[in-house]
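Scroll down for the structure; my scribbles are underneath it.
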Amino acid sequence: MEVKVQHTNSVSNSMMNSYLEQRMDVKERKEFESILSVDESALKLFNEKKAIHEFFLDLIPDEKLTKKARYLLEEEIKDINESLLKEYPKTLGGKLYAFLTKTVIEF
Amino acid sequence: MKIDQLETLFTPLVPKLFKFAFGICPDSQKARQLIADSYSVFIAREIDFIKETEFTKVRKTQSILKRFLLHGVLAEIYKLAGKRSYEIKPYLLDVQTEYQSFYSLSLSQRAITVLKERLKLTPKEIIEIVSLEKYQVIQSMYNAKESMVGMEVSGGESATH
């Protein structure tokens, strides 16, 4: 089934899209709203399009991390930072520590 | 920049990255793995720049650095997901009915839809992340919407997949 909303003489499809997707600046939004306030058929089509847009938004997942999952991920990030960014002191002891903690693959 | 300073900048970005990764792969553990692996690749590539960059408390500069980190890791997630499509595919077939139409979209359509509607990025930012032409991004946005709404309304198969 094709879901399409036709445009009217005063308001085009792309104008309605721009409004719904918040791509209009304040002045353009006001102009658009003033057209809708006097054009009943444009308002009707816009409301149809708006309902479809809101329906579409509900179909997109908006998953949030649980506290535990966030903790685990942040710990993993810390491990990555430690292994990639850690700088060892340039003393003999530091160099020796860096040497001893390198894996075979890193060589 | 030191490790703790990098973490100060990066940690607040984790929820956004997860939203994106979950849009790519609907499994929490796999999505987290995608983020961690992409972060590794990104840091390994940008290690010199990160080490040389001075950490600052100036808000504007911090926000530029955060954007650099966010966009960089998002782009890596997208690239890595493309390479791991065979691993992700089984999870796409096993999603809740509520999001079936979304997960029947192609990888680029899912990525672009989440970047636009959930992360509220601009088309210009999306183009940078997915490395596609402007017309391809816009086409993807509209095809995704048409396909998802059409599929839900008809209760049938996706037309654009």
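Considering only residues that are surrounded by fewer than 16 Cβ atoms within 10 Å (Cβ to Cβ) and out of contact with any helix residue (DSSP H, G or I) (no Cβ under 8 Å at 6 or more places or on another chain), look in the stretch A:34-44 and name the one that is farthest from the other protein chains (Cβ to nearest Cβ). Per the stated criteria, the residue is A:V38. Within the stretch A:14-72, the set of residues being within 30 Å of B:V14 (Cβ to Cβ), in a helix (DSSP H, G or I) and at pLDDT below 90 comprises A:L20 only. For the stretch A:65-86, the tally of residues that are among the acidic types (D, E) and surrounded by 14 or more Cβ atoms within 10 Å (Cβ to Cβ) stands at 2.
I'd like the residue in the stretch B:52-75 that is surrounded by 15 or more Cβ atoms within 10 Å (Cβ to Cβ) and without any contact (Cβ under 8 Å) to a residue 40 or more places away in the chain and, out of all such residues, is farthest from B:S154 (Cα to Cα). Ranking the candidates gives B:F68 first.
When you look at B:I47, is it surrounded by fewer than 16 Cβ atoms within 10 Å (Cβ to Cβ), β-branched (V, I, T), within 14 Å of chain A (Cβ to nearest Cβ) and out of contact with any Pro (no Cβ under 7 Å at 6 or more places or on another chain), yes or no? In short, yes.
Of the numbered criteria (1) over 14 Å from the mean Cα position of the chain (by Cα); (2) without any contact (Cβ under 8 Å) to a residue 40 or more places away in the chain; (3) not in a helix (DSSP H, G or I), the one B:L105 fails is (2).
So which of B:Y78, B:Y99, B:Y91 ends up being assigned to a helix (DSSP H, G or I), touching a residue at least 40 places away in the same chain (Cβ under 8 Å) and within 9 Å of chain A (Cβ to nearest Cβ)? Reasoning before the result, please.
Working: B:Y78 fails: within 9 Å of chain A (Cβ to nearest Cβ); B:Y91 fails: within 9 Å of chain A (Cβ to nearest Cβ).
Answer to the check: B:Y99.
Of all positions in the stretch A:45-54, none carries a residue that is facing chain B (nearest Cβ under 9 Å), in contact with a Phe, Trp or Tyr (Cβ under 6 Å, 6 or more places away or on another chain) and among the hydrophobic types (A, V, I, L, M, F, W, C). Taken over the stretch B:21-40, the criterion of being at the interface with another protein chain (Cβ under 10 Å from one of its Cβ atoms), in a helix (DSSP H, G or I) and either touching an Asp or Glu at 6+ places or on another chain (Cβ under 8 Å) or surrounded by 13 or more Cβ atoms within 10 Å (Cβ to Cβ) (or both) is satisfied by B:A21, B:F22, B:G23, B:S28, B:A31, B:R32, B:Q33, B:I35, B:A36, B:D37, B:Y39, B:S40. For the stretch A:73-94, check the following and say yes or no: at least one residue is of a type in the set (V, I, T) and modelled with pLDDT under 80. Among the residues of the stretch A:73-94, at least one is of a type in the set (V, I, T) and modelled with pLDDT under 80, which makes the answer yes.
The values are calculated or read from the model by the stated rules, or taken from the named source; none is laboratory data. Note that the structure is a prediction, hence the values are computed from the model and not measured. Because the Cβ atoms are built from the backbone with ideal geometry, glycine has one as well, and the counts that use them run over all protein chains shown.
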